[in-house]
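Only one structure is covered here, and it is reproduced in the block below.
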């Protein structure tokens, strides 16, 4: 009978982390950032049916990079947690912080239990507040830690590159169109420094809009509305310059 | 709901054990709910009274709730149970929508409510019945539809108009004479308030418009734009104009004899 090789706990954990990170890096990146009226989720997603972003509760949204079946599992768990909590107590008692804690527990347990393979996912849980100060964004890496983010956050393959760029460019009080354009610009940066084109139909965009009159603030932005928003910036500056031009004439 | 019944069954209305009781339990009861379809949508309205035996338990109870963006429930019967049922129903529709990424069909929603009423049958036998009226805009067929229920969960689709609750007989009589196929939204909202007025006229458990306290019926409209509840100003406007006409004609508008 052969004795199993001794692997130090540090090495075992490092291997697991490496495994999870590689899995996440294979997926496409996504960006979550604050704008004046809420929080916008932007990602590249060729599929129309398999969403990366989703509504969890009235003010809470969910974004995930990595393996679809794993984060879908976590998403449904989150919806259940939130709905059960809201039904038992009150709609106001469902918070992003509570949800992020549950996710952290789940991910942490799975990551450190020797029997299971670690989840190859990285999550973002965001809650839109009454004012921009009340917005909360939590990033949950594969190992179950929680990072409290402000302004903007990127997860997935090129996350580091993208978030560096976002940290430089993002400022408070951007309009939705500005925020969206910035996010797309950040997503289209390649690691070798070049830019590539992401067409509107490959983008998945959703917002948590605090100005929505309904209790449920989550909304997907698709089709015409999306292309209009993407054009707005370029077109409006062009339009402005052309109207200015015509004024001068 | 399946998840809940597996994990916390005591939270579901149907799974509670009832203590043995003698006779009828006294609990607040909601009374009359009416609904009318019109081309382009449906109107659902309810009076504001809850009674407990011969006592008025509450003057300003709300008995019409949005179920989701395109449907609403009006409840008659034991108020406490009914409100809980609606809460669970709203939760289930929202939960389904979030998990599946698509809305249930209107038929699906109506069937779901039917199951929930059936699960309350034990309580209904002890006098704690809940009999809702479900109305919604069918996005696929592009029209408003109404579903009525009995205590056993039996579901039937109503065409044109429907009523439930203690004053429903009188409300239905009024609507029968006033209903037409080509009502506008405005006419439909007036019609339901007329029907509630007639119900309150003849049924002691139904409350009419209370001008002194500014309590007016709740009127909701569901069209392709979604659910909308008339503001207090709008519903008081309707109620007042009806009251004014009734000062001259206490029995309301007359239908032609032939």
task: Go through the stretch A:101-126 residue by residue and tally those that are in contact with a strand residue (DSSP E or B) (Cβ under 6 Å, 6 or more places away or on another chain), outside any strand (DSSP E or B) and either touching a residue at least 60 places away in the same chain (Cβ under 8 Å) or surrounded by fewer than 18 Cβ atoms within 10 Å (Cβ to Cβ) (or both).
output: 1
Residues of the stretch A:85-100 that turn out to be in contact with a helix residue (DSSP H, G or I) (Cβ under 9 Å, 6 or more places away or on another chain), more than 10 Å from chain B (Cβ to nearest Cβ) and crowded, with 19+ Cβ neighbours inside 10 Å, as a count: 2
- request: Determine whether residue A:65 is at pLDDT 90 or above and either touching a helix residue (DSSP H, G or I) at 6+ places or on another chain (Cβ under 7 Å) or at positive phi (or both).
  value: yes
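Do you know which of the residues in the stretch A:20-44 that are in a helix (DSSP H, G or I) and surrounded by 14 or more Cβ atoms within 10 Å (Cβ to Cβ) is farthest from the other protein chains (Cβ to nearest Cβ)?
The initial filter retains those residues of the stretch A:20-44 that are in a helix (DSSP H, G or I), namely A:20-26.
Subsequent filtering for residues that are surrounded by 14 or more Cβ atoms within 10 Å (Cβ to Cβ) retains A:20-21, A:23-25.
Numbers: A:20: 26, A:21: 29, A:23: 24, A:24: 23, A:25: 27 Å.
Residue satisfying both the conditions and the ranking: A:21.
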statement: residue B:65 vs (1) surrounded by fewer than 22 Cβ atoms within 10 Å (Cβ to Cβ); (2) under 22 Å from residue B:42 (Cα atoms); (3) within 14 Å of chain A (Cβ to nearest Cβ): all pass except (1)
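Would you check which residues across the stretch B:68-85 are assigned to a helix (DSSP H, G or I), within 14 Å of chain A (Cβ to nearest Cβ) and touching a residue at least 24 places away in the same chain (Cβ under 8 Å) and list them? Step through it out loud before you land on a result.
So in the stretch B:68-85, the residues assigned to a helix (DSSP H, G or I) come out as B:79-85.
Subsequent filtering for residues that are within 14 Å of chain A (Cβ to nearest Cβ) retains B:83-85.
Matches in the stretch B:68-85: B:84, B:85.
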field: Subset of the stretch B:86-129 that is within 14 Å of another protein chain (Cβ to nearest Cβ) and over 17 Å from residue B:3 (Cβ atoms) - its residue that is surrounded by the fewest Cβ atoms within 10 Å (Cβ to Cβ)
entry: B:102
Given (1) away from chain B (no Cβ under 14 Å); (2) surrounded by fewer than 17 Cβ atoms within 10 Å (Cβ to Cβ); (3) free of Cβ contacts under 8 Å to residues at least 40 places away in the same chain; (4) under 18 Å from the mean Cα position of the chain (by Cα), index of the condition residue A:129 fails: (3)
query: In the stretch A:45-84, which residues are out of contact with any strand residue (DSSP E or B) (no Cβ under 7 Å at 6 or more places or on another chain), part of a helix (DSSP H, G or I) and either within 11 Å of chain B (Cβ to nearest Cβ) or without any contact (Cβ under 8 Å) to a residue 12 or more places away in the chain (or both)?
result: A:69, A:72, A:73, A:76, A:77, A:80, A:81, A:83, A:84
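The values are calculated or read from the model by the stated rules, or taken from the named source; none is laboratory data. This one's a predicted model, so the numbers in the text were calculated from it and none came from an experiment. All Cβ positions, even for glycine, are placed from backbone atoms using ideal geometry, and neighbour counts span all protein chains on display.
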